[in-house]
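Only one structure is covered here, and it is reproduced in the block below.
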Amino acid sequence: HEPTPAAPASPQDGTPPQGPTLFDWEFATDPYPAYAWLREHAPVHRTKLPSGVEAWLVTRYADARQALADQRLSKNPAHHAEPAHAKGKTGIPGERKAELMTHLLNIDPPDHTRLRRLVSKAFTPRRVAEFTPRVQELTDHLIEQFASRGEADLIHEFAFPLPIYAICEMLGVPREDQDDFRDWAGMMIRHGGGPRGGVARSVKQMRTYLGELIHRKRDDLGNDLISDLIRASDHGDHLTEAEATAMAFILLFAGFETTVNLIGNGVHSLFMNPDQRTRLQDSLAAGESALLETGIEELLRYDGPVELATWRFATEPLTLGGQQVAAGDPVLVVLAAADRDPERFADPDTLDLSRTDNQHLGYGHGIHYCLGAPLARLEGQTALATLLTRLPDLELAVPPNELRWRGGLIMRGLRTLPVKFTARN
Ligand code: HEM
C-alpha cells in the first residue's frame, strides 16, 4: 500500500482547526461548504463525533478511494480501540448483539467473501431486471394513493414505502406481514439518532420476526432470497442461521433508508435546479432513457444518501493523506465530500444530469461496494421517471429554507418533502 502524498500543512497538531462547526443544525442543512474547507485545509481530520467517539474524516476523492479499498482498515468493530463503553455508539443497530454482528458491513475476508458470494446471485443486473414490472406496479400504486389530492409528503407517502415493499418482496416476506416491516422501519428511520428505546424494540421485533420466518420457510422453500439463503446453508456453504438472519437484516437496513434518500434528495435537487429538471422531463416525454440513467448517477454524486461510508477501524498504524492513523482508530470516509472534489470532478458543485466520466463513490468502492446498486438504480429510475411523467407540474409546497434535514451521521436525507401538483384521478 502506497501512502498518498503528504497533505498540505493543516492546523491539526493538537490545536483545533479554525474551520467550520461540524454536525450542528446548519451543517445538517448544507454540509458542502464545511466539506470544501476540510478538503482544502484538513483532508484527513481527527474530530470528536456527537456521540463522543473520536474518528478520522477523509474528505478528498483520492484518499477516500484508497481508504475504501485498504484492507488494513477493518470493518469489524472489535478492532475499535475505544474503551468498551464507547463501543456500541457507532450507530450500527444491534452492533453489540452477537447474532447481528456477522453481516457484510461488519466483517472482513474470508468471512465477507463467503457471505457475499452467497447473496450476490440475487443482485445481478439480470435478476434485478426481472423485478422491473413489480417495482413499476408498486410505484404506480403509491402515486395513485395521493394523486387525486393534489398534495403529498413525498418522503412518507412515496420514498419511504417503496423500498420497504421492494425489499420485502425480494426477501420473500409475505404481503400480510409487510406493513409490520414498514412500521418497524419507520420507527428506526424516525428516531435514528433520537430516543433509543423504540428503535431497540423495533430492531428486536424485526430480528425475532426474521428468525421465525427463516424457520417457517425451511419447510416451504420458495423463489425468494431467504429461501436461497436457506438452500445455501443446507448445501454445506457454512451459512449459520444467525448469519442468515443478519443477512436479511442488513439487506433491509442497507437498502431502505438509502433508497428513501435517493428519491428524496434526488427530487429535492431537481427542484433546486429547474433547468436540469426540464431537460429530464423533456427527455422522458421523448421516450428517451439515457438522461435518466446518467441523471441518477449524477444525483447520487451531487447529493447522495450516504454522506459517510460505514465505519472502518485501522488494524495497524498507517499513513493516510499525510496523517498518522493509529491502530484501533476509527476512519470515516466522507463520500459526500469526495464526490465534490474539484481534483476529480469538473464543476463539482454543478448538477449536470448528462455528466460523463462520473466515477462517484456514492455506492462505495472495493469489496464492500454496494451489493444492492442494481436494485437501487431500478428503484431510483422508476420512481423519478414515474413521478415526473405522471405529475409533471410537481413542485415544492413550502419555501426551500423550511425543509428540515435529518441530523444523522451516516445518512443524509430530508425529514419531509411536502409537494403540490394538479390533482388527477
Ligand atoms: C453497501 C450505498 C441501496 C445493500 C453500500 C455501501 C454504500 C452503499 C456507500 C458501502 C458502505 C461502506 O463501504 O462502508 C447505497 C446507496 C443506495 C443503496 C446510495 C441507494 C441509492 C442499497 C439497496 C440494497 C443495498 C437497495 C439492498 C437491497 C447493500 C449491502 C451492502 C451495501 C448489503 C454491504 C455490502 C458489503 O459489505 O459487501 N451501499 N446503497 N444497498 N449496500 Fe447499498
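The values are calculated or read from the model by the stated rules, or taken from the named source; none is laboratory data. From a predicted model like this one, the values you see are computed outputs, not experimental measurements. FYI the Cβ positions are ideal-geometry reconstructions off the backbone, even for glycines, and counts take in every protein chain you see.
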* Looking at region 352-366, is at least one residue more than 17 Å from the chain's Cα centre (by Cα), polar (S, T, N, Q) and under 30 Å from residue 418 (Cβ atoms)? -> yes
* Within region 355-397, which residues are of a type in the set (A, V, I, L, M, F, W, C) and part of a loop (DSSP other than H, G, I, E, B)? -> 361, 370, 371, 391, 394, 397
* **Checklist (1) farther than 22 Å from residue 186 by Cα; (2) out of contact with any Asp or Glu (no Cβ under 9 Å at 6 or more places or on another chain); (3) more than 16 Å from the ligand (Cβ to nearest atom) applied to residue 404, failing item** => (1)
* Per-region count, region 290-325, residues free of Cβ contacts under 8 Å to residues at least 60 places away in the same chain and of a type in the set (S, T, N, Q) -> 1
* **Lone qualifier among 374, 392, 348 - being at pLDDT 95 or above and either touching a strand residue (DSSP E or B) at 6+ places or on another chain (Cβ under 7 Å) or farther than 15 Å from residue 152 by Cα (or both)** => 348
* To do: Could you tell me whether any residue of region 405-413 is in contact (Cβ under 8 Å) with a residue 40 or more places away in the chain and closer than 27 Å to residue 144 by Cα?
  => yes
* Asked: How do the helices (runs of 4 or more DSSP H) wholly within region 242-341 filter down when requiring 2 or more residues that are more than 9 Å from the ligand (Cβ to nearest atom) and surrounded by 23 or more Cβ atoms within 10 Å (Cβ to Cβ): which remain?
  -> 290-303, 335-338
* To do: Mind counting the residues in region 354-371 that are within 16 Å of the ligand (Cβ to nearest atom) and touching a residue at least 40 places away in the same chain (Cβ under 8 Å)?
  => 12
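Rundown of residues vs (1) modelled with pLDDT of 95 or more; (2) at positive phi; (3) in a helix (DSSP H, G or I), yes/no style:
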site: 2; (1), (2), (3): no, no, no
site: 5; (1), (2), (3): no, no, no
site: 13; (1), (2), (3): no, no, no
site: 21; (1), (2), (3): no, no, no
site: 34; (1), (2), (3): yes, no, yes
site: 52; (1), (2), (3): no, yes, no
site: 57; (1), (2), (3): yes, no, no
site: 81; (1), (2), (3): no, no, no
